[in-house]
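One structure below.
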Amino acid sequence: MGTTTLNPPRLQRLRERFAPLFADIAAGASERDATRTLAREQIKDLAALGFGALRVPESHGGSGATLPELFALLTELAAADPNIAQALRGHFAFVEDRLVAPVGPGRDEWLERFVSGELVGNSWTEIGTVALGEVNTKVVPDGKGGFAVNGRKYYSTGSIFADWIDTYAERTDTGQRVIAVVKADQDGVELGDDWDGFGQRTTGTGTATFTGAAVAAEHVIDFDTRFKYQTAFYQGVLLAVLAGSAAAAERDFAAELAARSRTFSHGAAAAANEDPQLLQVIGEVSAVAFAAAATVDSAARALQGAYDAALAWRAGDIELAAEEAANDAAELATAQAQVVLTPLVVNGISHAFDALAASATSVSKNLDRHWRNARTAGNHNPWVFKARVIGAHSVHGRALPRIWAIGASGGSTGSK
């Protein structure tokens with residue numbers, strides 16, 4: 001449908017632009033993880049360098065990156081620090097939504113904000129015992145032509161770093177489900193860094209509380225107009241986190257083995273870094289990282305197909321059925337990728353420890369963060385459910401669900 005999925009010279013230029021900053025980010029990633037220090041300055045630096053505007057067209061001041069190019073860079077960022085890549089997940093999803101929105105001043109204003117370095121966070125998941133399908137966060141008319149937002153959200157990943165918060169809510173006057181794009185730096189918004197997971201510790205995930213937070217009428221968006229491949233896109237970012245974690249494990253475990261001065265009397269070589277069995281382990285981890293990156297690229301191409309179809313349908317170049325099929329293909333591809341990558345990367349990183357000895361478990365080395373990060377990213381949107389709906393697609397031809405929710409069932413408070 002007309003959009004080239006990869007422009008090697010452009011991707012190379014972008015890699016060269018961000019490589020020094022990625023290196024700086026990687027140098028401090030272990031310490032930030034160990035101390036649970038949020039990467040505020042690093043994310044500001046990325047925004048200032050135009051990372052948040054990668055997808056914005058060159059005609060509007062951005063880099064004009066395709067989705068395969070974006071996800072290649074997200075994977076490299078995740079190899080430096082997977083927490084930062086995931087922290088920007090909500091931002092890139094909102095950028096994508098604005099890219100497929102009708103052309104006009106409202107859309108252009110958002111593109112200008114992205115180019116100026118403004119970031120958007122995410123606030124969708126209801127907290128507490130909300131039932132499946134219900135939304136407790138409300139958007140209330142303020143009587144002055146605007147609205148106020150009231151409610152609490154959890155898993156508000158990246159919002160603590162953001163200028164705006166992409167908030168899923170319900171209008172009290174119409175019952176309509178909407179996205180309220182809330183300005184973050186106002187008195188009615190409280191953001192907590194209370195995520196206590198053992199991995200992805202510094203994503204800025206936690207509770208967002210809205211108490212009469214103001215939102216302009218033009219920033220209340222009908223949820224039904226949201227870009228159709230959104231859940232596939234969100235999953236794509238988690239795939240990049242997994243692939244980046246595998247690449248980081250290969251890098252760090254290879255460096256540890258290269259520097260290892262001790263070996264065992266029953267080893268297969270006089271030096272550990274020449275032991276063929278240990279080299280084989282690192283080779284297997286490298287293969288996991290390679291397969292993960294290739295899988296992310298394949299999923300990103302399917303997402304690009306959905307984006308291209310959205311524009312083509314709006315232009316009248318294809319029928320709605322073709323656009324729907326492209327979205328279904330993106331959902332299927334990202335689900336298949338998740339089912340493959342979650343165990344592949346988690347088990348591959350666990351296997352990496354077999355290339356070293358007991359010293360690899362030292363807290364000071366913090367090598368376990370790679371496994372913790374992958375295991376945590378893999379627990380989002382449980383892959384076992386994805387495998388089942390993929391099977392239903394294979395056997396019965398059923399399309400995968402594109403929208404789903406989490407909430408209490410059967411009167412149980414359940415787990416977040």
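The selection criterion, being modelled with pLDDT of 95 or more, within 30 Å of residue 349 (Cα to Cα), open to solvent by 90 Å² or more (accessible area, probe 1.4 Å) and not hydrophobic (A, V, I, L, M, F, W, C), holds for residue 388.
Evaluate region 25-34: report whether one residue or more is modelled with pLDDT of 95 or more and under 23 Å from residue 182 (Cα atoms).
Step one: filter region 25-34 for residues modelled with pLDDT of 95 or more, giving 25-34.
Next, from what is left, pick out any that are under 23 Å from residue 182 (Cα atoms): none.
No.
If a residue has to be of a type in the set (Ser, Thr, Tyr) and within 26 Å of residue 98 (Cβ to Cβ) to count, how many in region 210-256 make the cut? Selection size over region 210-256: 4.
Screening residue 330 with (1) among the aliphatic types (A, V, I, L, M); (2) open to solvent by 30 Å² or more (accessible area, probe 1.4 Å); (3) in a helix (DSSP H, G or I); (4) more than 18 Å from residue 382 (Cβ to Cβ) gives one miss only, at (2). Number of residues in region 352-382 that are buried (at least 16 other Cβ atoms within 10 Å of the Cβ) and farther than 19 Å from residue 81 by Cβ: the value is 6.
Among the residues making up region 259-314, those that are basic (Lys, Arg) and either assigned to a helix (DSSP H, G or I) or buried (at least 21 other Cβ atoms within 10 Å of the Cβ) (or both) are 301, 314.
Pick from region 62-113 the residues that are among the acidic types (Asp, Glu) and farther than 20 Å from residue 227 by Cα: which of them is surrounded by the fewest Cβ atoms within 10 Å (Cβ to Cβ)?
Filtering region 62-113 down to residues among the acidic types (Asp, Glu) leaves 69, 76, 81, 96-97, 108-109, 112.
From the residues that got through so far, the ones that are farther than 20 Å from residue 227 by Cα too are 76, 81.
Details: 76: 21, 81: 28.
So, considering only residues that are among the acidic types (Asp, Glu) and farther than 20 Å from residue 227 by Cα, the one surrounded by the fewest Cβ atoms within 10 Å (Cβ to Cβ) is 76.
Checked against (1) at positive phi; (2) loosely packed, with under 13 Cβ neighbours inside 10 Å; (3) in a strand (DSSP E or B), residue 190 passes all but a single condition, namely (1). Say whether the condition of being of a type in the set (Asp, Glu), closer than 26 Å to residue 38 by Cβ and either touching a residue at least 24 places away in the same chain (Cβ under 8 Å) or not in a loop (DSSP other than H, G, I, E, B) (or both) is met by at least one residue in region 150-172. Yes - at least one qualifying residue is present in region 150-172.
Tell me yes or no: at least one residue of region 220-238 is assigned to a loop (DSSP other than H, G, I, E, B) and more than 23 Å from residue 400 (Cα to Cα). Within region 220-238 (the criterion being assigned to a loop (DSSP other than H, G, I, E, B) and more than 23 Å from residue 400 (Cα to Cα)), the answer is no, since none of the residues qualifies.
The values are calculated or read from the model by the stated rules, or taken from the named source; none is laboratory data. Owing to the predicted nature of the structure, the values given are computational and were not obtained by experimental measurement. Heads up, the Cβs are rebuilt from the backbone with ideal geometry, glycines too, and the neighbour counts pull from every protein chain shown. Note: accessible area is taken over every heavy atom of the protein model, side chains too, but ligands, DNA and RNA are not part of it. Shrake-Rupley method; radii C 1.70, N 1.55, O 1.52, S 1.80 Å.
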